[in-house]
Amino acid sequence: MTDTAKVLLDLLDLESLDTNLFRGSGSGGETPTRIYGGQVIAQALTAAYSTISGRLRHSLHAYFIRPGDPSRPVIYEVDPSRDGRSFTTRRVVAIQNGKQILNLAASFHAQEDGWDHQHKMPEVPDPGSLEPRHEILKRNASRFAQDKQAELLRPRPFEIREVEPRAPVAPEKTSDANQMWVRMEAARGAGPELQHILLAYVSDFGLLGSSMRPHGLTFHNPEAMTASLDHAMWFHAPVQLQNWHLYSMDAPFTGNARGFNRGSIYTKDGDLVASVAQEGLLRPLRH
């Protein structure tokens, strides 16, 4: 297991403080300036899973209320809303400095049989034919200020290969279609709960970027203030994130300083395992 993978798995191993009360680290995630949204969602889901057994999450709905401070721990308070015959519901509040930074509701479902159908996976190049994301960043690192290069090139626990990568700085305007392959070797052997938690962490990667593509913007662009506002996710099938998964995203609408983004996550064999939706802040900065 790589050092970066161990850091992530340690982030998701929460400390139990009391009944339905947990503490997680704020540092060690994707960015040193504020806590990455997928990290708070994944930790909140970990807290919820710690209060149930025998059922897997089928959906979650989260609102980001305040930016998280990576220098401080996060407290997760779980409300055991309902334990039904088929469904279990939990509400989780993430707290820093006595204030809520995230509210999450998650529902868990006992296994049941029913009808099946799904949309077909888009036809995209195989991940083996695409350049790794870290190689693209390494090639463009000199275009960034010296103090940002180390963070840009820091190793990550996930391997990502974008289908149509854009230049990190001053990219051309392009379609909102946004697709990437992703996997995490350290997920091998993880149980179904942890696989869900890791995919929840991944689900915030680049999703808001879909609504930025038609406007020639990136997260490195000084013209826009960006932040995730809410995040919803539905799980449809088991996940084995040590294998390649296609994250196919788009943004059907941007307006009123917000962008709406959708995503579908498929196995390499074309099975739809999860669906995602998110609205994010996309506010023009006035100079």
Seminar exercise, completed: Among the residues of the range 140-187, the number that are in a helix (DSSP H, G or I) and modelled with pLDDT of 85 or more is 3
Exercise. Any chance the range 115-124 includes a residue that's over 21 Å from LEU241 (Cα atoms), open to solvent by 40 Å² or more (accessible area, probe 1.4 Å), in contact with a Leu (Cβ under 9 Å, 6 or more places away or on another chain) and in contact (Cβ under 8 Å) with a residue 40 or more places away in the chain?
Worked result: no
For this session: Scan the range 247-261 residue by residue and report those that are part of a strand (DSSP E or B), under 20 Å from PHE64 (Cβ atoms) and open to solvent by 20 Å² or more (accessible area, probe 1.4 Å).
Result: PHE253, THR254, ARG258, PHE260
Exercise. Looking at (1) in a loop (DSSP other than H, G, I, E, B); (2) touching a residue at least 60 places away in the same chain (Cβ under 8 Å); (3) over 24 Å from PRO125 (Cα atoms), which is the one condition that is false for MET225?
Worked result: (1)
Exercise. Exactly one of (1) open to solvent by less than 40 Å² (accessible area, probe 1.4 Å); (2) assigned to a loop (DSSP other than H, G, I, E, B) is unmet by SER264. Its number?
Worked result: (2)
For this session: Select from the range 21-54 the residues that are part of a loop (DSSP other than H, G, I, E, B) and open to solvent by less than 40 Å² (accessible area, probe 1.4 Å) and write down the one among them that is nearest to PHE87 (Cα to Cα).
Result: ILE52
Problem set entry | Selected residue (only one of ALA251, ALA224, ALA237 is over 20 Å from ARG156 (Cβ atoms), touching an Asp or Glu at 6+ places or on another chain (Cβ under 9 Å) and modelled with pLDDT under 95) | ALA237
Exercise. Just a yes or no: is a residue in the range 75-83 farther than 27 Å from HIS236 by Cβ, charged (D, E, K, R) and surrounded by 14 or more Cβ atoms within 10 Å (Cβ to Cβ)?
Worked result: yes
Exercise. If ALA110 passes every condition in (1) under 25 Å from MET249 (Cβ atoms); (2) open to solvent by 20 Å² or more (accessible area, probe 1.4 Å) but one, which one does it miss?
Worked result: (1)
Exercise. Does the range 232-246 contain at least one residue that is among the β-branched types (Val, Ile, Thr), closer than 27 Å to GLY26 by Cα and in a helix (DSSP H, G or I)?
Worked result: no
Exercise. Out of all the residues in the range 44-67, is one or more without any contact (Cβ under 8 Å) to a residue 60 or more places away in the chain and within 18 Å of GLN278 (Cα to Cα)?
Worked result: yes
Exercise. Checking GLY98 against (1) of a type outside the set (D, E, K, R); (2) surrounded by 14 or more Cβ atoms within 10 Å (Cβ to Cβ); (3) closer than 16 Å to ARG23 by Cβ, which test does it fail?
Worked result: (2)
Exercise. Which of the residues spanning the range 157-180 are aliphatic (A, V, I, L, M) and either closer than 17 Å to HIS220 by Cα or open to solvent by 40 Å² or more (accessible area, probe 1.4 Å) (or both)?
Worked result: ALA167, VAL169, ALA170, ALA177
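The values are calculated or read from the model by the stated rules, or taken from the named source; none is laboratory data. Since the structure is predicted, the reported quantities are computational estimates derived from the model, not experimental observations. Using ideal geometry, Cβ is built from the backbone for each residue, glycine included, and neighbour counts are taken over all protein chains shown. The protein model used for the area step is the full one, side chains on, heavy atoms only, and it has no ligands, DNA or RNA in it. Shrake-Rupley method; radii C 1.70, N 1.55, O 1.52, S 1.80 Å.
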